[in-house]
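The values are calculated or read from the model by the stated rules, or taken from the named source; none is laboratory data. A quick note: this is a predicted structure, and the numbers were derived from the prediction, not measured. Using ideal geometry, Cβ is built from the backbone for each residue, glycine included, and neighbour counts are taken over all protein chains shown.
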Amino acid sequence: MSSLNPVVVIPARLPATRLPNKPLADIHGEPMIVHVWRRAVAAGIGPVVVAAADREIAEAIIAHGGTAVLTDPDHPSGSDRVWEALEKIDPERQFGAVVNVQGDLPTIDPAIIRAVFEPLDHVGVDISTLVAEIKVEEERTNPNVVKAVVGFAPGTNVGRALYFTRATAPWGDGPHYHHIGLYAYRRDALRRFVGLKQGILEQREKLEQLRALENGMRIDCALVDTVPLGVDTPADLDRARDMLKPR
């Protein structure tokens, strides 16, 4: 058990352009958000709370034995929603770190959730996140695939993030890394982050994590083998249903 005493928070909201009511999408008789919650519990990091923008999401989690808290539906980002939930459930500040798991990852391996927390064991790290090596050539130049610029020393799987970009970077021979949008924050780092103004590069690249780098915060990346399936479209939902089909 980490001395940081972490909690896992899953932000979720119903509005979605490509897949309305996404958290409640049925996957073999249960809402998608319940599948995500179960996998976060299986990670064994700490208590798991769903930060719900809508009462229907909270009710779905509570009906399956989980914990949920209602949050302001108008938050601009998931990290703002996570912070509100953390303050509501823990005013005594017993939790020293929070792991933010996206609510649209119903097939995520619990080991990947554990991996995102591990870099916070280094005292200098404010925020940790995940990357996987890009294996598909088209992804190197696809602006929808966010690249993390990080150098891993030989034999290591944690490195410091120098930049995040939609461009192909760094230049030259060697691997490129696909950024995976799971984060773990020291509590004080998340408090600071949600209080910062949008960064210049954040607005240009449309990447929220650049706000932290632009303000001198340290982000470390853990290297994992696979990118979890994010459900954004009906086709993604069909894939998730197939992956989770009882065998």
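Being assigned by TED's automatic domain parsing to the domain that holds Arg55 and either in a helix (DSSP H, G or I) or touching an Asp or Glu at 6+ places or on another chain (Cβ under 8 Å) (or both) is a property that holds for Leu86. Applying the set (1) surrounded by 14 or more Cβ atoms within 10 Å (Cβ to Cβ); (2) within 19 Å of the chain's Cα centre (by Cα); (3) hydrophobic (A, V, I, L, M, F, W, C) to Phe152 leaves exactly one unmet item: (2).
Which of the residues spanning the stretch 146-181 are under 24 Å from Gln102 (Cα atoms) and at pLDDT below 95?
First pass over the stretch 146-181, keeping only residues under 24 Å from Gln102 (Cα atoms): 146-150, 157-167, 176-181.
Of everything in the stretch 146-181, just one residue is under 24 Å from Gln102 (Cα atoms) and at pLDDT below 95, namely Gly181.
Residues satisfying the criterion are present in the stretch 99-108 (criterion: part of a strand (DSSP E or B), more than 19 Å from Glu202 (Cα to Cα) and polar (S, T, N, Q)). Has the stretch 62-70 got at least one residue that is in a loop (DSSP other than H, G, I, E, B), crowded, with 22+ Cβ neighbours inside 10 Å and not assigned by TED's automatic domain parsing to the domain that holds Ile113? No, the stretch 62-70 has no match at all. Whether any residue in the stretch 114-127 is of a type in the set (A, V, I, L, M), more than 12 Å from Leu223 (Cβ to Cβ) and out of contact with any Leu (no Cβ under 9 Å at 6 or more places or on another chain) is what I want to check. Within the stretch 114-127, one or more residues are of a type in the set (A, V, I, L, M), more than 12 Å from Leu223 (Cβ to Cβ) and out of contact with any Leu (no Cβ under 9 Å at 6 or more places or on another chain).
Have a look at Leu190, Leu201 and point out the one that is touching a helix residue (DSSP H, G or I) at 6+ places or on another chain (Cβ under 7 Å), surrounded by 20 or more Cβ atoms within 10 Å (Cβ to Cβ) and aliphatic (A, V, I, L, M). Step through it out loud before you land on a result.
Details: Leu201 fails: surrounded by 20 or more Cβ atoms within 10 Å (Cβ to Cβ).
After applying the criteria, what remains is Leu190.
For the stretch 15-28, the set of residues classified as at pLDDT 95 or above and assigned to a loop (DSSP other than H, G, I, E, B) consists of Ala25, His28, listed by residue number.
Residues in the stretch 151-175 that are farther than 16 Å from Pro119 by Cα, part of a loop (DSSP other than H, G, I, E, B) and of a type in the set (S, T, N, Q): 1 in all.
Does the stretch 221-244 contain at least one residue that is more than 24 Å from Thr107 (Cβ to Cβ) and buried (at least 16 other Cβ atoms within 10 Å of the Cβ)? Within the stretch 221-244, not a single residue is more than 24 Å from Thr107 (Cβ to Cβ) and buried (at least 16 other Cβ atoms within 10 Å of the Cβ). Once the stretch 109-124 is narrowed to residues that are more than 17 Å from Gly230 (Cβ to Cβ) and in a helix (DSSP H, G or I), the residue that is modelled with the lowest pLDDT is Asp121. The set of residues in the stretch 89-127 that are buried (at least 18 other Cβ atoms within 10 Å of the Cβ), in the same structural domain as Arg218 (by TED's automatic domain parsing) and over 27 Å from Leu244 (Cβ atoms) comprises Pro119, Leu120, Val125, Asp126, Ile127.
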